[in-house]
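S.K.: This structure is in structure tokens; I'll ask about it shortly.
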Amino acid sequence: MKRAVIELSGITKCYGQGLTQVTAIANVTTTLYAGEVVALLGPSGSGKSTLLMIAGLLESPTQGTVTINGLSASGPDAAIGNVRDFRRKNIGFVFQKPNLIPFLTAQENIRLAMEINDVPAPQQARTLADLLSWLEIEHRANNYPGQLSGGEQQRVAIARALANHPPLLLADEPTAALDSKRGRQVVSLFHNIAHERDTAVVLVTHDHRCLDLVDRILEMEDGQLVERPMNSVITHDKRN
Ligand SMILES: Nc1ncnc2c1ncn2[C@@H]1O[C@H](COP(=O)(O)OP(=O)(O)OP(=O)(O)O)[C@@H](O)[C@H]1O
């Protein structure tokens with residue numbers, strides 16, 4: 001049976017007030033499940049990043065509720081306690097820019113995420129070895145970000161996002177700075193993360209060439225969320 005990881009119910013987000021008010025998200029309700037990659041499409045300004053920020057508990061909705069792993073994040077039924085702690089342990093983020101700390105090596109960048117969560121050293125070592133191997137970056141473990149290619153940096157950022165085994169991974173245009181081959185490798189990695197680690201992955205993207213690697217497609221249109229059939233968008237030539 002499908003297990004809900006995040007439930008968004010009646011989410012509305014307005015910015016500003018009066019005549020300058022913008023409704024970025026209008027009454028969005030959806031559920032994302034463990035083990036699936038969901039692509040979030042939509043034109044610029046349609047509300048994708050805002051929805052991702054709300055799902056990641058980085059922004060509060062003007063109306064509506066966010067429930068993660070059955071725990072309500074806000075309102076009178078709020079059950080998650082300290083939002084910052086909860087976010088660190090349960091939600092991984094990957095952005096367009098890897099945002100690695102330049103004076104830490106690849107493995108130190110990944111370890112830092114676990115140190116902040118007080119993960120015991122032996123467990124840190126095991127997770128680190130597992131992630132470096134799984135993401136095929138062992139040979140780059142002692143390199144600094146400036147010594148890595150864009151694709152390698154993004155894999156380190158993905159490893160860092162996964163270091164605390166979050167049930168939810170949110171990625172905002174993670175392939176935008178990569179060429180199409182590397183972009184496809186990253187989306188393929190998200191596919192494996194969802195399917196092998198039972199993670200719910202949300203991927204905001206403008207790149208229609210990787211959509212054959214996702215499980216569901218949602219599209220924002222002027223703040224409204226629409227589910228698209230998988231065969232409704234033109235996908236990539238799989239030879240590339
Ligand atoms: N902090 C803010 N203050 C005011 N308006 C905002 C703010 N953040 C977003 N908006 C507005 O909300 C709407 C949705 O923005 P959002 O960034 O979510 O869109 P998007 O689909 O992610 O766009 P893009 O693809 O260009 O990144 C836009 O009209 C934007 O101008």
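S.K.: Which ones in the stretch 58-78 are at positive phi and surrounded by fewer than 19 Cβ atoms within 10 Å (Cβ to Cβ)?
M.R.: Answer for the stretch 58-78, where residues must be at positive phi and surrounded by fewer than 19 Cβ atoms within 10 Å (Cβ to Cβ): Asn69, Gly70, Gly75.
S.K.: Tally up the residues in the stretch 130-162 that are among the hydroxyl-bearing types (Ser, Thr, Tyr) and more than 23 Å from Lys89 (Cα to Cα), please.
M.R.: 2
S.K.: Since Ile11 meets every condition but one in (1) over 27 Å from Ala194 (Cβ atoms); (2) within 14 Å of the ligand (Cβ to nearest atom); (3) touching a strand residue (DSSP E or B) at 6+ places or on another chain (Cβ under 7 Å), which condition does it not meet?
M.R.: It fails just one condition, (1).
S.K.: In addition: Inspect all residues belonging to the stretch 33-42 and state whether any of them is closer than 29 Å to Asn192 by Cβ, near the ligand (Cβ under 9 Å from one of its atoms), buried (at least 19 other Cβ atoms within 10 Å of the Cβ) and not basic (Lys, Arg).
M.R.: The answer is yes; a qualifying residue exists.
S.K.: Please work out which residue is farthest from Leu213 (Cα to Cα), limiting yourself to the stretch 1-59 and to residues that are of a type outside the set (Gly, Ala, Ser) and in a helix (DSSP H, G or I).
M.R.: Leu19
S.K.: Please find, among Asn192, Asn164, the residue that is free of Cβ contacts under 8 Å to residues at least 24 places away in the same chain and either in contact with a Ser or Thr (Cβ under 9 Å, 6 or more places away or on another chain) or away from the ligand (no atom under 16 Å from the Cβ) (or both).
M.R.: Just one listed residue meets the conditions, Asn192.
Let's see how each residue does on (1) of a type outside the set (Phe, Trp, Tyr); (2) at pLDDT below 95; (3) within 19 Å of Ala163 (Cα to Cα):
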residue: Thr12; (1), (2), (3): yes, no, no
residue: Thr20; (1), (2), (3): yes, yes, no
residue: Ser72; (1), (2), (3): yes, yes, no
residue: Pro102; (1), (2), (3): yes, no, yes
residue: Thr105; (1), (2), (3): yes, no, yes
residue: Arg111; (1), (2), (3): yes, no, yes
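S.K.: Within the stretch 65-76, is there a residue that is over 17 Å from the mean Cα position of the chain (by Cα), touching a residue at least 40 places away in the same chain (Cβ under 8 Å) and away from the ligand (no atom under 12 Å from the Cβ)?
M.R.: Within the stretch 65-76, one or more residues are over 17 Å from the mean Cα position of the chain (by Cα), touching a residue at least 40 places away in the same chain (Cβ under 8 Å) and away from the ligand (no atom under 12 Å from the Cβ).
S.K.: Taking Pro166, is it over 22 Å from Val201 (Cβ atoms) and either at pLDDT below 95 or more than 21 Å from the chain's Cα centre (by Cα) (or both)?
M.R.: Answer is no for this residue.
S.K.: Identify, please: which residue in the stretch 167-186 is in contact (Cβ under 8 Å) with a residue 24 or more places away in the chain and in a loop (DSSP other than H, G, I, E, B) and is, among those, surrounded by the fewest Cβ atoms within 10 Å (Cβ to Cβ)?
M.R.: Ala176
S.K.: Being assigned to a strand (DSSP E or B), out of contact with any Cys (no Cβ under 9 Å at 6 or more places or on another chain) and of a type in the set (Val, Ile, Thr), is that true of even one residue in the stretch 77-88?
M.R.: No, because not a single residue in the stretch 77-88 is assigned to a strand (DSSP E or B), out of contact with any Cys (no Cβ under 9 Å at 6 or more places or on another chain) and of a type in the set (Val, Ile, Thr).
S.K.: Follow-up question, since we're still on this one. Limited to the stretch 89-126, what total is found for residues that are farther than 20 Å from Val186 by Cα and part of a helix (DSSP H, G or I)?
M.R.: Number of matching residues: 15.
S.K.: Identify, please: which residue in the stretch 198-218 is within 16 Å of Ala161 (Cα to Cα) and of a type outside the set (A, V, I, L, M) and is, among those, farthest from the ligand (Cβ to nearest atom)?
M.R.: Among those that are within 16 Å of Ala161 (Cα to Cα) and of a type outside the set (A, V, I, L, M), it is Asp198.
S.K.: Within the stretch 113-146, which residues are in contact (Cβ under 8 Å) with a residue 40 or more places away in the chain, surrounded by 16 or more Cβ atoms within 10 Å (Cβ to Cβ) and not hydroxyl-bearing (Ser, Thr, Tyr)?
M.R.: Ala113, Met114, Val119, Leu135, Pro145, listed by residue number.
S.K.: Checking the structure you have, find out if any residue of the stretch 169-189 is more than 16 Å from the ligand (Cβ to nearest atom), at pLDDT 90 or above, of a type outside the set (Ser, Thr, Tyr) and out of contact with any Pro (no Cβ under 9 Å at 6 or more places or on another chain).
M.R.: Yes, the stretch 169-189 contains at least one residue that is more than 16 Å from the ligand (Cβ to nearest atom), at pLDDT 90 or above, of a type outside the set (Ser, Thr, Tyr) and out of contact with any Pro (no Cβ under 9 Å at 6 or more places or on another chain).
The values are calculated or read from the model by the stated rules, or taken from the named source; none is laboratory data. Just so it is clear, the structure is predicted and the values come from calculations on it, not from any experiment. When we count neighbours, we look across all protein chains shown, and the Cβ atoms used for this are built from the backbone with ideal geometry, even at glycine.
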